[in-house]
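A short worksheet on the structure shown next.
The values are calculated or read from the model by the stated rules, or taken from the named source; none is laboratory data. The structure displayed is predicted, hence computed values, not measured ones. Methodologically, a virtual Cβ is constructed for each residue, glycine included, from the backbone with ideal geometry; neighbour enumeration extends over all protein chains shown.
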Amino acid sequence: MTLYIGLMSGTSADGLDAALVEFGPTPRLRASYALKYPAELQRQLRQLATSDTVAVASLLDVQHTLAELSVTAVQQLLHSADLPASAVRAIGSHGHTLHHRPQPNCASWQLDNPSWLAEHTGITCVADFRRRDIAAGGQGAPLVPAFHRQMLANERGMVLNIGGIANLSMLNHDDVSGFDCGPGNALLDEYCQQQHLGACDQNGQRASQGKVNQALLEQWLQDPYFTTPPPRSTGREHFNLQRFAVPVGMHHNDALATLQQLTVNSIRMAVQHYGLSSAPIWVCGGGAHNQAMMAALQQALPHHAVASTADIGIDPDWVEAMAFAWLAKQALEGQCGNIASVTGAAGGRILGGIYPA
């Protein structure tokens with residue numbers, strides 16, 4: 001039995017997911033823990049992700065807060081599993097993405113402190129997974145398709161992760177491809193928070209009561225990202241309300257309906273241009289719980305069965321955290337963590353820096 005921990009702080013910036021994963025013939029989730037970020041930290045992370053300038057002292061404060069919360073999440077996870085730190089071989093820590101600009105800057109910046117994590121948990125930590133792929137000419141993302149292949153060996157279908165950004169993996173038995181479609185929940189959540197409507201549009205309730213502004217939707221869909229061929233990846237630095245502005249005075253429900261349809265249409269375009277014909281689409285991430293979005297996706301993609309990964313026995317909330325546990329395992333075993341055809345890298349690479357306990 002080999003146990004690893006994966007830590008994932010997604011672009012939604014609402015909290016940290018910690019997954020304890022047992023690796024045998026197939027990965028198995030042994031325990032999980034969700035740590036919700038304090039409201040002020042959420043605000044700081046979202047501001048950092050869309051700001052061109054930042055005070056260094058503030059950045060360091062946020063980094064240290066994240067490091068301490070990461071230690072807490074690991075400790076709580078081990079407590080819930082009734083395991084000592086010595087039972088875990090390593091932690092795979094993604095960190096929190098502030099900016100992802102593989103082109104033209106050859107850069108992706110995840111705020112993290114793996115040295116602190118290793119020191120204060122007593123567990124070896126693997127971190128900084130994306131930059132080696134970028135150094136090899138890749139996008140540094142998405143990295144999860146390689147894990148999807150491991151998780152769903154010999155399956156034919158598509159895995160659609162709807163977090164802040166939506167990404168799609170195409171699994172055709174041993175053949176794997178994938179890329180970022182565009183926005184997932186990022187614009188919806190940002191609008192709700194900006195307008196003081198709550199953290200998100202729960203179950204798409206407001207969006208389902210609104211009317212899509214077709215002219216605005218068509219304007220947004222002209223963004224060149226949507227017609228950029230893979231390999232491609234993106235983040236909040238591109239998909240934010242400064243770029244995709246909602247007109248002043250627009251009814252909240254109509255704004256959310258239009259933003260939700262932008263997510264749905266960009267996913268539909270991705271599937272129609274690059275997806276597997278008639279293959280099932282298994283949805284994970286927060287979007288899997290949005291009933292209105294799931295219904296809209298099924299309507300937009302009538303030739304595909306759209307369902308949560310829960311329908312195939314995989315908890316939709318923990319797939320990404322599990323992926324970074326797997327990437328830590330790959331690094332310690334000297335195995336590649338990327339798929340060059342997905343990221344555009346010159347070849348397979350061992351990803352991540354290793355910080356011994």
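Being closer than 30 Å to Leu3 by Cα and in contact (Cβ under 8 Å) with a residue 40 or more places away in the chain narrows it down to one residue among His289, His252; which is it?
His289
May I ask you to list pairs of residues, at least six apart or on different chains, whose Cβ atoms are under 7 Å apart, with the first in the range 255-284 being farther than 30 Å from His196 by Cα and touching a residue at least 60 places away in the same chain (Cβ under 8 Å) and the second being in a helix (DSSP H, G or I) and β-branched (Val, Ile, Thr)?
Pairs found: Trp282/Thr309; Trp282/Ile312.
Could you tell me which of the residues Ala153, Ala166, Ala146, Ala141 is more than 23 Å from Val21 (Cβ to Cβ) and either surrounded by 21 or more Cβ atoms within 10 Å (Cβ to Cβ) or not assigned by the TED database to the domain that holds Ala67 (or both)?
Ala166
Pick from the range 90-113 the residues that are in contact with a Phe, Trp or Tyr (Cβ under 6 Å, 6 or more places away or on another chain) and surrounded by fewer than 24 Cβ atoms within 10 Å (Cβ to Cβ): which of them is nearest to Pro230 (Cα to Cα)?
So, considering only residues that are in contact with a Phe, Trp or Tyr (Cβ under 6 Å, 6 or more places away or on another chain) and surrounded by fewer than 24 Cβ atoms within 10 Å (Cβ to Cβ), the one nearest to Pro230 (Cα to Cα) is His99.
Please verify whether the range 346-357 includes one or more residues that are modelled with pLDDT of 95 or more and more than 27 Å from Ile123 (Cα to Cα).
Checked the range 346-357: at least one residue is modelled with pLDDT of 95 or more and more than 27 Å from Ile123 (Cα to Cα).
Report yes if Arg236 is at pLDDT below 95 and among the basic types (Lys, Arg), otherwise no.
yes
Which of the residues that make up the range 194-211 are touching a residue at least 24 places away in the same chain (Cβ under 8 Å) and either hydroxyl-bearing (Ser, Thr, Tyr) or surrounded by fewer than 19 Cβ atoms within 10 Å (Cβ to Cβ) (or both)?
Within the range 194-211, Gln194, Gln195, Leu197, Ala199, Asn203, Gln205, Ser208, Gln209, Lys211 qualify.
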